[in-house]
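Working notes, beginning with the structure itself.
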Amino acid sequence: MRHISILGSTGSIGTQTLEVVENLGGFQIDAITGNQNIKLLEEQYYRFHPQLIAVYDEKNALVLRDRLKAEPVRVVGGMDGLMEAAAMKESDTVVTSVVGNVGLAPTFAAIEAGKDIALANKETLVSAGELVMNLVKKKGVHLYPVDSEHSAIFQSLRGNEGNAIRRILLTASGGPFRGKKREELISVKAQDALKHPNWSMGKKITIDSATLMNKGLEVMEAKWLFGVDASQIQVLVHPQSILHSAVEYEDGAVIGQMGVPDMKVPIQYALTYPKRLGNPFPKLDLFQVGQLTFEAPDREAFPCLGLAYRALEIGGTMPTVLNGANEIAVSKFLAGKIRFLDIAALIEKTMDAYTVKYDYSLEDLLEADAWAKAHAAEAEL
């Protein structure tokens, strides 16, 4: 019996993780966490019977605690609650799927406690990649990527340890606005940006996909996960989302991983590595797909990708600032306070106003995140 805790069990990755666990069997859910959706947390409790539920919103934690007062479960709140869920003694693996930099400290807590990590929280490596990977090495734990692209790269590296990577080919669907020019994006609305052609995801990551910021964040993740320079990571727009990413080796061989667009497959691989177990999930039919196409991303229409490369090149605490500013910009866009193209403009304005720190700790990163969010919230375009 394997024991896992899920940080962010009410989100897209969290709910799919529970589907995977239910299908596989042989797993005990020790802890689940959420923020606003306490109705779903309550439903998940009755399905999986965890020992602990952490609710980031402390008022919601009180409500859920009252609802479950007759049940043998502890309901805790706030960041302390997330930290407790991340470091539970019983758990072998922690799935980190919370959205945003709120996942930073709990992920560190899980690694410090010696837990293997199934990582679906991009911000952990975007903001603190160097610190995280150093701590993973120090503690001797395993970090398994859950993102479909990084899982594909991880899988493409198996059996090739010791062989030099020439390039990582990081694929992107192109999002709902693929092929549109900058002037066509001036008046697009949130409801348009939320119509992803291939993937079913949360609102924030879907908007990031529409701006190509999601791919910029994945470039940052790939650098730290696989020990390559940003110049070795090439983004390819692949609208079919069948080739999830690939690795090109020094001899010119390109090895990639293909499959239907279904996050449950990389989730399962992260939980069962190195085993590949049967499942009822949809399987790839290349006759039905017909063709696979690739094109270069349009950085003029989608400047967020270039901003991510720029932040990675600057280094230090700048990636944290980019990420924090992006969180605020996306929330403003979803609320109708700024236009689609203003997302990149707001991020760039925040980056330009910031003084980078190169010798930093986790506390410095959290301060940089708070500064970026405050500046982006108040900035006028």
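The values are calculated or read from the model by the stated rules, or taken from the named source; none is laboratory data. The shown structure was predicted, so the numbers you read here are calculated from the model rather than taken from an experiment. Glycine gets a Cβ as well: all are built from the backbone with ideal geometry, and neighbour counts include every protein chain shown.
Scan the range 152-211 for residues that are among the small types (Gly, Ala, Ser), outside any loop (DSSP other than H, G, I, E, B) and either touching a strand residue (DSSP E or B) at 6+ places or on another chain (Cβ under 6 Å) or surrounded by fewer than 18 Cβ atoms within 10 Å (Cβ to Cβ) (or both) and the total you get is 4. Out of all the residues in the range 302-337, which are in contact with a Leu (Cβ under 7 Å, 6 or more places away or on another chain) and of a type in the set (A, V, I, L, M, F, W, C)? If the condition is that a residue be in contact with a Leu (Cβ under 7 Å, 6 or more places away or on another chain) and of a type in the set (A, V, I, L, M, F, W, C), then PHE302, CYS304, LEU305, LEU307, ALA308, ALA311, LEU322, ALA325, ALA329 are the ones that fit.
Yes/no matrix, rows are residues, columns are (1) among the basic types (Lys, Arg); (2) outside any loop (DSSP other than H, G, I, E, B):
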site: GLN291; (1), (2): no, no
site: ASN323; (1), (2): no, yes
site: LYS357; (1), (2): yes, no
site: GLU363; (1), (2): no, yes
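Checked against (1) modelled with pLDDT of 95 or more; (2) surrounded by 12 or more Cβ atoms within 10 Å (Cβ to Cβ); (3) in the same structural domain as SER187 (by TED's automatic domain parsing), GLN288 meets all criteria but (2). ALA301 fulfils the conditions (1) aliphatic (A, V, I, L, M); (2) part of a helix (DSSP H, G or I); (3) in the same structural domain as MET220 (by TED's automatic domain parsing) except for a single criterion, (2).
Of all residues in the range 328-362 being charged (D, E, K, R) and over 21 Å from the mean Cα position of the chain (by Cα), which is farthest from ALA190 (Cα to Cα)? Once the filter is applied, the top-ranked residue is ASP359. Quick check, is ARG310 among the charged types (D, E, K, R) and outside any loop (DSSP other than H, G, I, E, B)? Criteria met by ARG310. So for the range 76-97 (the condition being among the small types (Gly, Ala, Ser) and farther than 14 Å from SER5 by Cα), does at least one residue qualify? Yes - at least one qualifying residue is present in the range 76-97. Each residue in the range 229-269 was checked for being closer than 27 Å to ALA128 by Cβ and surrounded by fewer than 18 Cβ atoms within 10 Å (Cβ to Cβ), and 5 of them qualify. Within the range 130-151, no residue satisfies the criterion of being within 17 Å of ALA308 (Cβ to Cβ), modelled with pLDDT of 95 or more and surrounded by fewer than 19 Cβ atoms within 10 Å (Cβ to Cβ). Applying the criterion of being of a type in the set (Gly, Ala, Ser) and buried (at least 24 other Cβ atoms within 10 Å of the Cβ) to the residues of the range 315-344, the residue that is modelled with the lowest pLDDT is GLY324.
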